[in-house]
1. Go through 192, 214 for me and flag whichever is more than 26 Å from residue 311 (Cβ to Cβ) and either buried (at least 17 other Cβ atoms within 10 Å of the Cβ) or within 22 Å of the chain's Cα centre (by Cα) (or both).
2. Going by what's in this entry, would residue 125 be described as modelled with pLDDT under 95, more than 22 Å from residue 204 (Cβ to Cβ) and surrounded by 15 or more Cβ atoms within 10 Å (Cβ to Cβ)?
3. Any residue at all in the stretch 107-121 that is crowded, with 16+ Cβ neighbours inside 10 Å and part of a loop (DSSP other than H, G, I, E, B)?
4. Search the stretch 534-545 for residues that are at positive phi and loosely packed, with under 14 Cβ neighbours inside 10 Å and pair each with any residue that is outside any strand (DSSP E or B) and at pLDDT 95 or above when their beta-carbon atoms are under 9 Å apart and the residues are at least 6 apart or on different chains.
5. Take the residues in the stretch 55-83 that are crowded, with 18+ Cβ neighbours inside 10 Å and not in a strand (DSSP E or B); name whichever of them is farthest from the chain's Cα centre (by Cα).
6. Of the conditions (1) surrounded by 16 or more Cβ atoms within 10 Å (Cβ to Cβ); (2) part of a loop (DSSP other than H, G, I, E, B), residue 200 clears all except one; give me its number.
7. In the stretch 545-571, what residues are under 30 Å from residue 405 (Cα atoms) and either modelled with pLDDT of 95 or more or part of a strand (DSSP E or B) (or both)?
8. Pick from the stretch 230-263 the residues that are in contact with a strand residue (DSSP E or B) (Cβ under 8 Å, 6 or more places away or on another chain), in a loop (DSSP other than H, G, I, E, B) and free of Cβ contacts under 8 Å to residues at least 40 places away in the same chain: which of them is surrounded by the fewest Cβ atoms within 10 Å (Cβ to Cβ)?
């Protein structure tokens, strides 16, 4: 997160504009860009469980006319965990160059390098329909189960304004990922508190290439104002993995664990390879129209063609193509209120592999949505109430017979209400909150082989794991505007989640929970510099809760009470 300016959450299927995306929505990460004026920042964070993180941010012009600018973000993190054996060490660097060739033409070059060393946590198992009661710090894995992930990203983007109405831009990204992992997983209960485990190691390389071109224009026709977008993109992902699994069994008594000092030999175990090459072409057209009587219309189409081929014998290949429509209408009878409705379809993707090491088919989805939006107090406060009806096909989940592989759910439907509130109520007082009521989210078609039929009956009507009927959060901060407390910010909030099913069999339930958080921050000037102090307390009441499951038989504890302090110097 060292080079992240902000994170945008775009709800609902978004593949018409963003291509290969999850049907549930898109997370858009906006990175920090070079500034025309020099700016430097040094941040030191420290917290519970020996957490230490240092971040540096430097930016400014490289030429007198400020047309060539740079920015460099670096961070180093060394942190332990509330769980045994769990230690993280992360190194990250992200330099960026931007060249303003002319007032209408811009070129940017960015690089990211990350080396992430983290533990492999197998969580805890369920027993008798609920999570087994164990100390939060207990680790049922092994100290030698580790993951080392190295990532390199190179991005090139440019844009040109033909005039005030028409613009073209292109982005090219390539990401090279190498991951070495020694893992421990669960096979299932043996009995009398003894759990069966498996062990293996894997080396995975994933090279991804992406480019897109967008042409955007604004024009008027017969009293209607158009914003037209025409574009195309290309995506390629080449993944190859070598793995070896221990052929025996690694039993462990979950109540009185005895850990292995050394890894067992993999000699005679299950050795194999899997991987795939995916090539994805897409073209799209969208028109956003401002009509008379405060009406706004949106319409678009996207065509995708995706080819996936196994990298290893026995070779197999399949081609999917699809036309995805998108449409919506919004009416704004008064400046403070809008009523809208929309329909969209999605042609997404999956990186999962089945028991035969074959890649699963892409996810698809369709969604209806209606709602109202409001803007109050000179647009300082916004609110949305929405009803959604979303259906996904080919959603991957854990294979119950092969826990380290996946199967595709034939179809899952989700319907419910969402409320979002955000803004500034009074000077210095800000609030953000959300609530979701999802009474219906269940499997409507069972595990599907290739879309031709159900191969594992019995899941129809089961509720989707990790989705509560009730889910809400509220956060508020107040910054003193004057007087002796000027510069002081106080904040607090809570997250509450109801009961959830842990797997698609609905064989166990994760209990609901509420977690309270607090923060205090203080800003002051030190000559030409600025200093910011902040303290966060998460899970203030030290609630023992379960953050979620893997959709199968692995459950994870949430964080205990955690303190995080930060000191930032800017100049």
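The values are calculated or read from the model by the stated rules, or taken from the named source; none is laboratory data. The structure displayed is predicted, hence computed values, not measured ones. Please note: Cβ atoms are built from the backbone with ideal geometry, for glycine as well, and neighbour counts cover all protein chains shown.
1. Working: 192 fails: either buried (at least 17 other Cβ atoms within 10 Å of the Cβ) or within 22 Å of the chain's Cα centre (by Cα) (or both).
Exactly one of 192, 214 is more than 26 Å from residue 311 (Cβ to Cβ) and either buried (at least 17 other Cβ atoms within 10 Å of the Cβ) or within 22 Å of the chain's Cα centre (by Cα) (or both), namely 214.
2. On the way: modelled with pLDDT under 95: yes; more than 22 Å from residue 204 (Cβ to Cβ): yes; surrounded by 15 or more Cβ atoms within 10 Å (Cβ to Cβ): yes.
So residue 125 passes the test.
3. Yes, the stretch 107-121 contains at least one residue that is crowded, with 16+ Cβ neighbours inside 10 Å and part of a loop (DSSP other than H, G, I, E, B).
4. Going by the 9 Å Cβ cut-off, the qualifying pairs are 542/560; 542/561.
5. 83
6. (2)
7. First pass over the stretch 545-571, keeping only residues under 30 Å from residue 405 (Cα atoms): 545-559.
Once the filter is applied, which keeps residues that are under 30 Å from residue 405 (Cα atoms) and either modelled with pLDDT of 95 or more or part of a strand (DSSP E or B) (or both), the stretch 545-571 yields 545, 546, 547, 548, 549, 551, 555, 556, 557, 558, 559.
8. Out of the qualifying residues, it is 258.
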